[in-house]
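Data block below; observations after.
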Amino acid sequence: MSVKRRSEIIKSDVLIVGGGIGGMQAAITAADEGATVVVAEKADTRRSGSGATGNDHFMCYIPSYHGEDFDAIIAEVTDTLVGPLQDLDLLRLMMGRSFEVVQKWESYGINMRPYGEDYAFYGHAMPGRRRYHLKYDGQLQKPLLTKEAKKRGVQIVNKTVINQLLTDESGRVIGAIGICTAEDEPEVVIFQAKAVIISTGNASRMYPSTNPAYLFNQADCPATTGSGHAMAYRAGARLVNIDMPYLHAGPKYFARCGKATWIGVLVDYYGRPVGPFVNKPTKELGDATSDIWQGVFQEKMENGSGPVFMNCAENTPEDTEFMMKSFYSEGDTSIVDYLQQYHIDLNQSMIEFGTYDYALCGRGLDIQLSGQTSLEGLYAAGDVLGNVRGDITSAAVFGMISAENAAAYAKTVDFAEVETHPLIQESMDLYNSLLDRKIGAHWKEANSMLQQIMKDYVGMKVRSKTLLKSGLKYLGDLKRYCKEQLKAENAHELMRCLEVLDLLDVAEAIAITSENRKESRGAYHHRSDYTYTNPLLDNKFQTIEQKNGEIILNFRDKVR
């Protein structure tokens, strides 16, 4: 089998790569700004991305609820869930415009007030502090966002994987190479655009999950495989903070997050609270222990004082009902189904919680206030960002902001020629080599090997120069073997092979930046050869980019 190329070039003012929350909000906004818009999505925008089946918390600032002390809200946000690893001008911009999105979503039909006429804030909070996570019902958010985009004339191209960004001689992004996977036989599709917005989410499947036997048993969407990070990095865009690991948490071996949806107390084997925040279940606060102390579950297992359990035994019947409804809003229907199927009564049984795999949520592309990356014509939104984090809020708000600015930029430039771009033939040669191979390795073998290398050599328990340098060597070998030996039987398997190659590019960048950070910092960057934290790197972010084949590393000042 060989890949064919579609003769038609898909042309738009703004091309959006990824149809998740950020991508769809970007599509709606760019269309409202008068741009012609195309969304390329590897799955189907109605149920794709990390918000595919729902959400129930939206971090936001509503003046009528929070009052005028905006600085207090920013301090609270950085103290808990999202942490300090972000530029504060971006965080302030995101929170300052968050209520705009809440109002827009209500106009789209998303239920932002499911508990009455007033906005309700629950979870991710500490006692005595103002709460900032709006409780909403996001079950239908993706179908409704898709509907709004279509009403505005947005062209949605589902089942199409974007694999490469096209740039002109000056480095401006002018289009992209996609692969339609709707049929067994893949088809290369060329996109021409004046501006491109990347909103491709996290980088899952790089490290072993809590249940490594199943590659897709992931806390985050397993189809978000760092492709936006990788294609932007290959094109020359700057990445930031990817050396600093992030781990999420939830029910152990049941890789579906929603930890703030649980109403209960995190306790040890004897029922004693492990954190200082709550000792009785409260739906208003949840238990913020794992937001503040991200390593609690792993550390207690390793020192023998674990496991840690979610104890809901003292919940009132009303709070238990509230929690079950919230699971549906969050898209955690599988948790409810499991509890019912095995007759588990949360008033009688504690649920063990654990740490999920290394993720790149809030680690990735370095953007400006406009949402523009370091490349002209390339903008970004959502979990693919590296210098601001707000999860679904970041996706929606910076989807809106990047679209406003991308649409404005598109009015100032002309289309550039893409039809004969040399990267097209180079990419097709790679695709054909994977499809034409008579005998070869399956993509799952390569993905599993990647996870093992990253766990052993670029892990979270200990790092050192010798480990990281060895890991880099093995990653380079694996990349070479993949290009020489991977075999794809059809379009779907070709997509999976390319995902692994994207993950390898991002993995190499993580190993390089981790070796270059010659200190120990945070919960998971432990250097055995640099055991101290270097105060000269306080308030510094590490960046990596490629220029003319050369890797450039730098530490830049955090914007405070």
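Against the conditions (1) at pLDDT below 95; (2) of a type outside the set (S, T, N, Q); (3) crowded, with 20+ Cβ neighbours inside 10 Å, ARG130 satisfies every one except (3). Of the strands (runs of 3 or more DSSP E) lying entirely inside segment 1-119, those containing at least 3 residues that are more than 27 Å from ALA410 (Cβ to Cβ) and of a type outside the set (Asp, Glu) are 57-59. Within segment 83-109, being open to solvent by 10 Å² or more (accessible area, probe 1.4 Å), among the hydrophobic types (A, V, I, L, M, F, W, C) and under 28 Å from LEU145 (Cα atoms) holds for LEU93, PHE99.
Every residue, every condition in (1) among the polar types (S, T, N, Q); (2) at pLDDT below 95; (3) over 30 Å from LYS547 (Cα atoms), yes or no:
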residue	(1), (2), (3)
GLN103	yes, no, yes
TYR108	no, no, yes
GLN141	yes, no, yes
ILE156	no, no, yes
VAL173	no, no, no
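Taking the listed residues LYS479, LYS483, the one that is modelled with pLDDT of 95 or more, open to solvent by 30 Å² or more (accessible area, probe 1.4 Å) and more than 26 Å from the chain's Cα centre (by Cα) is LYS483, with no other qualifying. Among the residues making up segment 194-215, those that are farther than 13 Å from LEU450 by Cβ and not in a loop (DSSP other than H, G, I, E, B) are LYS194, ALA195, VAL196, ILE197, ILE198.
Would you confirm whether or not segment 235-246 contains a residue that is without any contact (Cβ under 8 Å) to a residue 40 or more places away in the chain, open to solvent by 10 Å² or more (accessible area, probe 1.4 Å) and either aromatic (Phe, Trp, Tyr) or assigned to a loop (DSSP other than H, G, I, E, B) (or both)? No: segment 235-246 contains no residue that is without any contact (Cβ under 8 Å) to a residue 40 or more places away in the chain, open to solvent by 10 Å² or more (accessible area, probe 1.4 Å) and either aromatic (Phe, Trp, Tyr) or assigned to a loop (DSSP other than H, G, I, E, B) (or both). Cβ-Cβ distances below 6 Å connect the following pairs, each with a first residue in segment 201-216 that is farther than 18 Å from GLY20 by Cα, a second residue that is among the acidic types (Asp, Glu) and surrounded by 17 or more Cβ atoms within 10 Å (Cβ to Cβ), and a separation of six or more residues or different chains: TYR207/ASP357; SER209/ASP357. Among residues that are more than 25 Å from the chain's Cα centre (by Cα), surrounded by 15 or more Cβ atoms within 10 Å (Cβ to Cβ) and modelled with pLDDT of 95 or more, GLY440 is included. With LYS473, LYS518 as the choices, which residue is within 29 Å of PHE297 (Cα to Cα) and open to solvent by 40 Å² or more (accessible area, probe 1.4 Å)? Answer to the check: LYS518. Among the residues of segment 304-343 satisfying the criterion of being open to solvent by 50 Å² or more (accessible area, probe 1.4 Å) and closer than 21 Å to ASP268 by Cα, which is farthest from the chain's Cα centre (by Cα)? This residue is GLU314.
The values are calculated or read from the model by the stated rules, or taken from the named source; none is laboratory data. None of these values were measured; they are calculated from a predicted model. Every residue, glycine as well, gets a Cβ built from its backbone with ideal geometry; the counts of neighbours run over all protein chains shown. Accessible surface is based on the protein model in full, side chains and every heavy atom, while ligands, DNA and RNA are left aside. Shrake-Rupley method; radii C 1.70, N 1.55, O 1.52, S 1.80 Å.
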